[in-house]
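The values are calculated or read from the model by the stated rules, or taken from the named source; none is laboratory data. Worth saying up front: this structure is predicted, and the values here are computed from it rather than measured. With ideal geometry, Cβ positions are generated from the backbone for all residues, glycine too; neighbour counts draw on all protein chains shown.
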Amino acid sequence: MLYETAKRAFAGLLALISFFVNLTSAPSRNDTPQDAVSVVYADTVWGDVKLFLPDEIDARKPTDVLLMLHGGAWVSGGARIFYGDCRAAVQAGYIAAAMNYDKIFNGADAADMVREVGLAIAAVRAELENRGLTPGKLILAGHSAGAHIMLLYAYTQYRTCPMDIAFVVSNCAVADFMSDAKAHNSAVGFGAYALLSALTGEFITPATVGRNTEAIRAVAPIYQITPDVPPTIVVQGTRDRLINYQNSVDLYNALQENGVDSVHITYEGAGHFLTSKGGDSVKQKYAEYDAQRSAAFYAFAEKYGTPAVS
């Protein structure tokens with residue numbers, strides 16, 4: 001009976017998420033653009049990274065790698081959403097990559113997704129070295145569910161990561177599921193217990209929260225923060241209806257309290273996808289927010305990335 005109740009609750013959550021999120025088809029290793037390379041890290045249809053390389057690259061000099069992880073509510077989506085960003089990063093002199101990963105639909109939990117990030121990073125490093133290239137430092141970035149997993153990976157695995165993590169860019173991530181559950185004013189908040197059950201592998205209800213505290217905290221990036229975690233750029237819109245804006249505030253405050261170099265960029269009036277709807281004045285305001293995010297990225301890249309080699 002409890003199992004059937006959990007299944008119904010989770011089905012309701014997915015229906016809610018599907019209403020808000022434009023779900024894409026399942027990613028495939030065969031779905032690789034001509035200007036990218038598929039780097040396989042797992043023997044599954046989704047276990048690859050789309051790697052974009054600059055046309056001209058000095059193999060003797062370390063080149064920083066930007067790895068991006070897509071959103072999709074932990075149930076869908078694919079690396080293709082970041083192809084444009086990868087190409088822009090390559091033009092700016094980076095090696096860029098967007099990875100596919102396993103989903104809740106396939107039985108994966110948060111620990112599985114975090115593990116796959118590590119496997120993907122190791123595969124990318126090996127691919128670059130096999131090509132005679134010298135990888136520099138690693139920049140991790142993600143949106144929504146992807147940002148949540150990137151934060152978990154960076155904050156729990158930075159000591160064992162196959163590459164030195166320079167910093168993390170978190171766009172609209174969940175920092176604490178229970179915060180949304182208590183506020184009860186976002187899609188994640190309404191489905192928090194079903195989502196937590198899927199991500200932790202434990203059956204969690206309002207009545208069992210006390211017994212599941214350790215598991216709940218394990219999938220919440222805010223509880224993984226120590227003074228040693230990588231620097232972080234935190235971004236979110238104030239009108240995010242999928243993930244409560246308070247997540248970014250709490251995440252930034254926790255980073256600051258631990259002395260972690262961090263920046264909080266707020267898109268006033270923006271929703272979950274940080275896009276503008278309105279006249280020229282609104283578009284101008286959002287363009288200014290985009291400029292702030294870009295400026296923060298390049299400031300962190302200069303400060304924490306691989307030093308230029310003359």
Applying the selection to the range 70-108, what residues are of a type in the set (Lys, Arg) and closer than 12 Å to Ala145 by Cβ?
Lys103
Scanning the range 205-229 for residues that are surrounded by 14 or more Cβ atoms within 10 Å (Cβ to Cβ), touching a residue at least 24 places away in the same chain (Cβ under 8 Å) and in a loop (DSSP other than H, G, I, E, B) gives Val219, Ala220, Ile225, Val229
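For every residue, the table says whether it meets (1) within 24 Å of Phe300 (Cα to Cα); (2) modelled with pLDDT under 95.
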site: Ala89; (1), (2): yes, no
site: Asn106; (1), (2): no, yes
site: Ala111; (1), (2): no, no
site: Val114; (1), (2): yes, no
Could you pull out every one of the strands (runs of 3 or more DSSP E) wholly within the range 22-122 that has 1 or more residues that are of a type in the set (Gly, Ala, Ser) and within 19 Å of the chain's Cα centre (by Cα)?
95-99
Taking into account only those residues within the range 256-269 that are in contact with a helix residue (DSSP H, G or I) (Cβ under 7 Å, 6 or more places away or on another chain) and of a type in the set (A, V, I, L, M), which is nearest to Asp240 (Cα to Cα)?
Ile265
Assess whether Ala296 counts as being of a type in the set (A, V, I, L, M), under 29 Å from Asp164 (Cβ atoms), modelled with pLDDT of 95 or more and under 18 Å from the mean Cα position of the chain (by Cα).
yes
What number goes with the only condition from (1) under 30 Å from Ala192 (Cβ atoms); (2) in contact with a Lys or Arg (Cβ under 6 Å, 6 or more places away or on another chain); (3) in contact (Cβ under 8 Å) with a residue 24 or more places away in the chain that Ser276 does not pass?
(3)
Index of the failed condition, Ile149 passing every other in (1) crowded, with 24+ Cβ neighbours inside 10 Å; (2) in contact with a Ser or Thr (Cβ under 9 Å, 6 or more places away or on another chain)
(2)
When you scan the range 162-174, do you find a residue that is within 23 Å of Leu66 (Cβ to Cβ), surrounded by fewer than 18 Cβ atoms within 10 Å (Cβ to Cβ), in contact (Cβ under 8 Å) with a residue 24 or more places away in the chain and among the hydroxyl-bearing types (Ser, Thr, Tyr), even just one?
no
Looking at (1) farther than 28 Å from Ala296 by Cβ; (2) assigned to a loop (DSSP other than H, G, I, E, B); (3) of a type in the set (Gly, Ala, Ser); (4) in contact (Cβ under 8 Å) with a residue 40 or more places away in the chain, which is the only condition Ala198 fails?
(2)
Out of Ser76, Ser144, report the one residue that is among the polar types (S, T, N, Q) and closer than 17 Å to Val235 by Cβ.
Ser144
Tell me which residues, restricted to the range 236-255, are touching a helix residue (DSSP H, G or I) at 6+ places or on another chain (Cβ under 6 Å) and closer than 22 Å to Glu288 by Cβ.
Gln236
Qualifying positions in the range 209-244 - modelled with pLDDT under 95 and β-branched (Val, Ile, Thr)
Val209
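Determine whether Leu53 is among the aliphatic types (A, V, I, L, M), touching a Cys at 6+ places or on another chain (Cβ under 9 Å) and either at positive phi or at pLDDT 95 or above (or both).
Working: among the aliphatic types (A, V, I, L, M): yes; touching a Cys at 6+ places or on another chain (Cβ under 9 Å): no; either at positive phi or at pLDDT 95 or above (or both): yes.
When the stated conditions are applied, Leu53 does not pass them.
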Thr232 in contact (Cβ under 8 Å) with a residue 60 or more places away in the chain and within 18 Å of the chain's Cα centre (by Cα):
yes
Filter the range 34-63 for residues that are crowded, with 21+ Cβ neighbours inside 10 Å and of a type in the set (D, E, K, R); the one that is farthest from Asp102 (Cα to Cα) is Lys50
